[in-house]
Amino acid sequence: MFVKNKMTANPFTISPDQNIPDAHEIMAKNNIRRLPVVRNGKLVGVVSREDIARSSPSKATSLSINELTYLLAKTKISKVMTKDPITITSDALLEEAATLMRDNGVSFLPVVDNGKLVGIITESDIFDSFIELLGFRERGTRLTIEVDDEPGIMANLSGIFAIYGANITHVAVYRGSAGKSMIVTGINSLNTTEIEKTIQEQGYKIIYKLRNQ
């Protein structure tokens, strides 16, 4: 799956010449935590609630409300934003986005194509995609099968499912140690008694089953 399939297109943005109250209003009104900072269609930074909090006077300040309001209104976004943020393209894989977030300790990536901001993708988008890719909420049965890590295993299991007319909807493979792997297979069948029996007769071990009605 690609970033463009899960990103938020045409996100809310802010200009570097706007001020902290402007950013706070946009975030509060739209229940968001971060804003791409754009000038003439080009991404120049990112500002977050944390950036604003770090740049705002402490609660222990002796400034009056009017003085605080004036100070914040004079503080441009360009002064508090994170410049040159890490970006990704819309044609990149979700795995690339997840790796960039993980390796760089960020939870949000602006999506930029040909120098133009086209969207944003967040950790929540990645989590939702992970759940979808594994079919965790779809009707059917998910079997976690321990097998030897060797060629031909998937073909054998696919043959067993085909015998009983079960359609494979999702597959994930987790390589373990000692030459073993875990294959998580989602199928569109709820009655898997005979399927499980045949799988075990072939020498494979079913270590977990999840049935979604």
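Each reported figure results from applying straightforward, stated rules to the coordinates on display, with no laboratory input. The shown structure was predicted, so the numbers you read here are calculated from the model rather than taken from an experiment. For neighbour counting, all protein chains shown are included, and Cβ atoms are generated from backbone atoms with ideal geometry for every residue, glycine included.
The table below lists the values:
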{"item": "Charged-residue dipole, Cβ positions (Lys, Arg, Asp, Glu), the chain about Cα centre, Debye nearest 20", "result": "760 debye"}
{"item": "Least to most buried among Ser48, Ser107 (fewest other Cβ within 10 Å first)", "result": "Ser107, Ser48"}
{"item": "Amide H within-cut-off set for Ser107, under 5 Å, with H built and near neighbours excluded", "result": "none"}
{"item": "Trypsin sites (Lys or Arg not before Pro) within segment 89-188, DSSP loop, no more than 14 other Cβ atoms inside 10 Å", "result": "Arg137, Arg139"}
{"item": "Packing-based exposure ordering (other Cβ within 10 Å, fewest first) of Ile153, Ile163", "result": "Ile163, Ile153"}
{"item": "In sequence order, calculated HN-Hα J values of segment 100-115 (Karplus, 6.51, -1.76, 1.60; Hz; x Gly/Pro)", "result": "4, 4, 5, 5, 10, x, 10, 10, 7, 10, x, 9, 10, 10, 6, x"}
{"item": "Cα-based helix-to-principal-axis angle, 20-30 vs the chain, degrees rounded to 10", "result": "40 degrees"}
{"item": "Cα long-axis angle, helix 65-74 against the chain (0 to 90 degrees, to the nearest 10)", "result": "70 degrees"}
{"item": "Tilt relative to the chain, helix 153-163 - C-alpha long axis, 0 to 90 degrees, to 10", "result": "70 degrees"}
{"item": "Rounded to whole Hz, the Karplus (6.51, -1.76, 1.60) HN-Hα couplings of segment 181-195, x for glycine and proline", "result": "9, 10, 10, 9, 10, x, 10, 8, 10, 9, 8, 10, 4, 5, 4"}
{"item": "Residue (of Ile195, Val3, Ala178) at the positive-pole extreme of the chain, dipole from beta-carbon charges", "result": "Val3"}
{"item": "Segment 71-141-segment 182-213 distance, computed between alpha-carbon centres (Å)", "result": "35 Å"}
{"item": "Contour excess over end-to-end distance, with Cα ends at Met154 and Ile26 and 0.36 nm allotted per residue", "result": "41.0 nm"}
